[in-house]
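Heads up: the structure comes next, in structure tokens.
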Amino acid sequence: MYPVSNNFKNLIKKANRGFEAKVIINEFTEIFDDDIGEISIDRSCIDGDEFNLGATASASMDLEVKTNVLIPNNAKLEPFIRMIEGGITTEWLPMGEFYIDSRNEKHGVWSFTCYDKLIKGQIEYKSGLEYPTTMDLMIKEIAILLGVELSNNVDVKDYLVEEMPPGTIRDVLSLIATSHASAVWINRLGELDFIYFKNREIKATITADDYSPGFELTNPIKHYTKLLANYDSDLEQKSKGEGEIDNTLSFYNPWITDEMLDRNYEDLNGFEYMPYSMPWRGIPYLDCGDWVEIKLRSGQTITSPLLTNTYTYKGGMGQKSSAPSFTAQQSEFGFNGGLTGDVKDMKKRIGVYIATTNGEEMLVGQNIQNYLNLPMMTLSETSLEFTVVMVGEATEDSTISVSINSSFGTLGPSFKTYIKQGWNTVNVSYLGRDLPALDENMNILLSVDNGRFTVGSQQAQFYVYGANLVENTGIPTANVKDYINLENMNGDAGLGDDVGLRIFEPERIVISDEINLDVNINVNFDDAVELSFIEYFNLEVDKDV
């Protein structure tokens with residue numbers, strides 16, 4: 001919460017509230033209330049549609065003004081709000097520092113889209129520090145790289161980082177924030193700042209007179225009792241506490257130590273909130289991460305944080321706040337908020353993603369099969385992030401193997417993850433570095449150690465993200481391939497030995513773990529079956545099939 005005077009706090013409670021706004025351009029030129037059509041500011045301390053650690057969302061502002069002032073490219077715009085009653089005015093309340101990204105003029109009215117300096121965090125992190133180093137030194141360097149001051153509120157521990165991390169500045173900021181149970185933002189004064197979720201003091205009380213009929217409680221109360229940190233791979237985890245999937249707060253941090261996890265668990269102990277969506281009159285000095293008390297018309301009182309805020313000024317002030325979450329079912333069936341959550345996160349980053357979704361049901365068995373194909377093209381050598389997300393039902397406890405293949409072999413390791421009997425979400429991500437220019441199909445190979453894993457139509461997604469991807473090369477839906485299960489009837493065979501192949505489940509084409517099909521092997525098929533993998537496995541077939 002930004003500190004304001006008692007006069008401001010008293011006037012904000014009145015039924016008939018008066019406001020004025022102004023915008024300062026590059027610290028000198030001012031645009032006053034009469035020339036301001038609208039100010040809309042979006043802030044969030046979460047990434048996605050549920051509470052999480054390590055958010056680094058850049059705040060945005062849409063501004064409409066009528067002015068003849070020549071506003072320079074990428075100018076700094078600082079909006080301010082104050083209250084007015086009669087001839088009495090309050091102090092000016094800063095609403096942030098933003099920089100013009102784009103503009104449009106129509107009938108003498110200029111529309112600007114602006115972002116705060118956290119948007120610059122999307123460039124690669126190139127550190128001048130000598131590693132190993134500490135997080136507190138890294139955060140000071142990042143403030144310099146972003147061209148901002150570091151808030152006095154920031155308390156980053158001297159946790160040791162062994163080597164310079166890959167990725168963008170925002171990626172590194174996110175890791176530092178997850179190490180401190182926090183989120184990152186550029187505060188109202190333009191400083192790099194942290195929102196610490198251990199701070200849950202109630203900042204304001206909101207009554208039924210303050211919000212509109214559009215207010216709704218969106219889900220049952222959310223309560224976290226367990227932390228689960230992935231590091232290095234999906235199979236390497238540290239956890240603290242006990243709880244089901246819906247009560248588990250998961251995050252990725254390759255630097256996580258027992259000390260960090262213990263401190264995060266202590267900071268978040270007892271963290272629970274009531275999910276809601278609330279259009280309301282607004283209190284403009286409240287920030288994302290502030291906790292409020294909301295009195296419902298039923299007489300019940302709930303407490304929740306402001307995880308998202310949209311402030312709107314059109315002569316009067318309005319606000320929309322929320323604390324979203326997913327239901328227990330959605331938490332179990334989705335990763336980072338369901339199958340679409342990861343793609344939504346991708347859209348916040350500079351670059352292109354292409355994706356495909358299964359058009360038919362997938363039955364994953366004990367033989368390696370190719371289930372999803374994604375045509376893709378890159379402009380040059382590049383690094384790409386590959387992600388596979390599946391929601392399915394396992395017939396028994398097992399382990400599922402996921403491989404990402406191309407014509408030049410398997411990308412990274414064959415990922416294995418445990419699945420329990422019943423419904424599971426499988427999520428695998430791999431960062432392929434310095435890959436050559438590509439123009440081909442990427443393939444997802446799957447198998448389970450025992451039983452079956454059934455993935456319904458539209459419940460699997462394979463997508464790739466990168467700066468050099470050609471955007472229109474993806475396909476919206478990839479039907480499950482038909483494969484033949486080939487088994488050697490003669491046992492193990494060496495080079496030159498005869499191999500007898502038996503066909504099982506001819507409606508599906510499967511390549512077994514036990515069989516290596518070399519280039520130009522001639523295979524005779526008695527049954528007419530459709531082959532969709534001939535080119536990939538370089539098979540020659542001596543009859544039409």
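The values are calculated or read from the model by the stated rules, or taken from the named source; none is laboratory data. These numbers were taken from a predicted model, which means no experiment stands behind them. Positions of Cβ are backbone-derived with ideal geometry, glycine not excepted, and every protein chain shown enters the neighbour counts.
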Could you tell me whether segment 444-461 includes any residue that is among the charged types (D, E, K, R), over 11 Å from M362 (Cβ atoms) and modelled with pLDDT under 85? no
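Condition check ((1) of a type outside the set (F, W, Y); (2) within 16 Å of D287 (Cβ to Cβ); (3) surrounded by fewer than 20 Cβ atoms within 10 Å (Cβ to Cβ); (4) out of contact with any helix residue (DSSP H, G or I) (no Cβ under 8 Å at 6 or more places or on another chain)) across all residues:
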{"residue": "E64", "(1), (2), (3), (4)": "yes, no, yes, yes"}
{"residue": "I71", "(1), (2), (3), (4)": "yes, no, yes, yes"}
{"residue": "P79", "(1), (2), (3), (4)": "yes, yes, no, yes"}
{"residue": "E85", "(1), (2), (3), (4)": "yes, no, yes, no"}
{"residue": "I88", "(1), (2), (3), (4)": "yes, no, yes, no"}
{"residue": "S102", "(1), (2), (3), (4)": "yes, no, yes, yes"}
{"residue": "H107", "(1), (2), (3), (4)": "yes, no, yes, yes"}
{"residue": "S111", "(1), (2), (3), (4)": "yes, no, yes, yes"}
Which strands (runs of 3 or more DSSP E) does segment 182-292 wholly contain that include 3 or more residues that are closer than 28 Å to G316 by Cα? 202-206, 276-280
Return the residues of segment 132-152 that are part of a helix (DSSP H, G or I) and free of Cβ contacts under 8 Å to residues at least 40 places away in the same chain; say none if nothing qualifies. D136, L137, M138, K140, E141, I144, L145
Hey, could you check segment 116-128 for residues that are of a type in the set (K, R) and part of a helix (DSSP H, G or I) and say which is nearest to W185 (Cα to Cα)? K117
Working carefully through the options I41, I46, find the one that is buried (at least 20 other Cβ atoms within 10 Å of the Cβ), closer than 30 Å to N199 by Cα, out of contact with any Phe, Trp or Tyr (no Cβ under 9 Å at 6 or more places or on another chain) and not hydroxyl-bearing (S, T, Y). I46
Scan segment 14-45 for residues that are over 37 Å from the mean Cα position of the chain (by Cα) and either within 16 Å of G190 (Cα to Cα) or hydrophobic (A, V, I, L, M, F, W, C) (or both) and jot them down. A15, F28, F32
Take residues that are closer than 28 Å to R170 by Cβ and tell me which of the strands (runs of 3 or more DSSP E) falling wholly in segment 28-70 contain 1 or more. 36-44, 60-66
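Across segment 16-27, what is the number of residues that are in contact (Cβ under 8 Å) with a residue 24 or more places away in the chain and in a loop (DSSP other than H, G, I, E, B)? Spell out how you get there, then give the answer.
Start the filter on segment 16-27 by keeping residues that are in contact (Cβ under 8 Å) with a residue 24 or more places away in the chain, which leaves 17-27.
Filter once more, so that each one left must be in a loop (DSSP other than H, G, I, E, B): 17-18, 26-27.
Of the residues in that region, 4 qualify.
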Please go through segment 71-94 and give me each residue that is in a loop (DSSP other than H, G, I, E, B) and in contact (Cβ under 8 Å) with a residue 12 or more places away in the chain, ordered by number. I71, P72, N73, N74, A75, T90, E91, W92
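To keep it simple, each residue is scored yes or no on (1) assigned to a strand (DSSP E or B); (2) at pLDDT below 95; (3) farther than 14 Å from I39 by Cα; (4) in contact with a His (Cβ under 7 Å, 6 or more places away or on another chain).
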| residue | (1), (2), (3), (4) |
| --- | --- |
| G96 | no, no, no, no |
| E105 | yes, yes, yes, no |
| F112 | yes, no, no, no |
| E130 | no, no, yes, no |
Quickly run through segment 192-222 and pick out the residues that are of a type outside the set (F, W, Y), closer than 21 Å to Y285 by Cβ and in contact with a helix residue (DSSP H, G or I) (Cβ under 8 Å, 6 or more places away or on another chain). L192
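A quick yes/no check of all residues on (1) in the same structural domain as C45 (by TED's automatic domain parsing); (2) among the acidic types (D, E); (3) surrounded by 20 or more Cβ atoms within 10 Å (Cβ to Cβ):
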| residue | (1), (2), (3) |
| --- | --- |
| L217 | no, no, no |
| S239 | no, no, no |
| I256 | no, no, yes |
| E259 | no, yes, no |
| N269 | no, no, no |
| P279 | no, no, no |
| D290 | no, yes, yes |
Would you pick out the residues in segment 299-315 that are without any contact (Cβ under 8 Å) to a residue 24 or more places away in the chain and small (G, A, S)? G299
